[in-house]
1. I'm trying to understand the selection: among the residues of segment 1-51, which are over 14 Å from the mean Cα position of the chain (by Cα) and either polar (S, T, N, Q) or within 18 Å of S106 (Cβ to Cβ) (or both)?
2. Looking at segment 43-77 only, could you name the residues that are modelled with pLDDT under 90 and touching a Gly at 6+ places or on another chain (Cβ under 8 Å)?
3. Any residue that is farther than 30 Å from M1 by Cα and touching a residue at least 24 places away in the same chain (Cβ under 8 Å) - is there at least one of those in segment 69-76?
4. Do you know which of the residues in segment 101-124 that are of a type outside the set (S, T, N, Q) and over 21 Å from H31 (Cβ atoms) is surrounded by the most Cβ atoms within 10 Å (Cβ to Cβ)?
5. Do we find that S85 is at pLDDT 95 or above and exposed (fewer than 14 other Cβ atoms within 10 Å of the Cβ) in this structure?
6. May I ask you to list pairs of residues, at least six apart or on different chains, whose Cβ atoms are under 8 Å apart, with the first in segment 93-106 being more than 14 Å from N41 (Cβ to Cβ) and the second being of a type in the set (S, T, N, Q) and not in a helix (DSSP H, G or I)?
Amino acid sequence: MKNILIVGAGGFLGSIGRYLISKLNFYWDFHSIPIGTLIVNILGSLIIGFLTGLADKSEVLLLEMRLFLMVGFVGGFTTFSSFSSENLILFQNGQFLTVLAYTSASVFLGFLAVYSGYTLSQLL
């Protein structure tokens, strides 16, 4: 039960962070790409890469902290379901190039962010 509460608390904070950053979708238009969601997914990838690197490198992240940060916070923060839904709407609106650009940017930049976060953690 303790671990469930730890994950839930992290998810609560991650979801709030996602909501606040995703509001950028309403204020920043770049070729119809949902910028807030893209930022959340890239930032979440960077964070999970960094935390994975820290966990691999040392015992600095106890199980409870990994559950809170990696499963809870980052799990609540990232938005793959929102990303998929936004792509469906773009696709239904005939914005095929935007779907391609958004999907490509999300996957490529997400991987680059995970790799960067992991690499950064190894420098510490």
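The values are calculated or read from the model by the stated rules, or taken from the named source; none is laboratory data. All of these numbers come straight from a predicted model, not from anything done at the bench. FYI the Cβ positions are ideal-geometry reconstructions off the backbone, even for glycines, and counts take in every protein chain you see.
1. N3, L24, N25, W28, D29, F30, H31, S32, I33 - these are the residues of segment 1-51 that are over 14 Å from the mean Cα position of the chain (by Cα) and either polar (S, T, N, Q) or within 18 Å of S106 (Cβ to Cβ) (or both).
2. none
3. no
4. G117
5. Here the answer is no, as S85 does not meet what is asked.
6. Listed by first residue and then by second, the contacts come to Q95/S32; T98/S32.
Residues are listed down the side, and each one gets a yes or a no for (1) buried (at least 18 other Cβ atoms within 10 Å of the Cβ); (2) over 25 Å from G94 (Cα atoms); (3) among the charged types (D, E, K, R); (4) in contact with a Cys (Cβ under 6 Å, 6 or more places away or on another chain):
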| position | (1), (2), (3), (4) |
| --- | --- |
| I6 | yes, yes, no, no |
| L24 | no, no, no, no |
| N41 | yes, no, no, no |
| G53 | yes, yes, no, no |
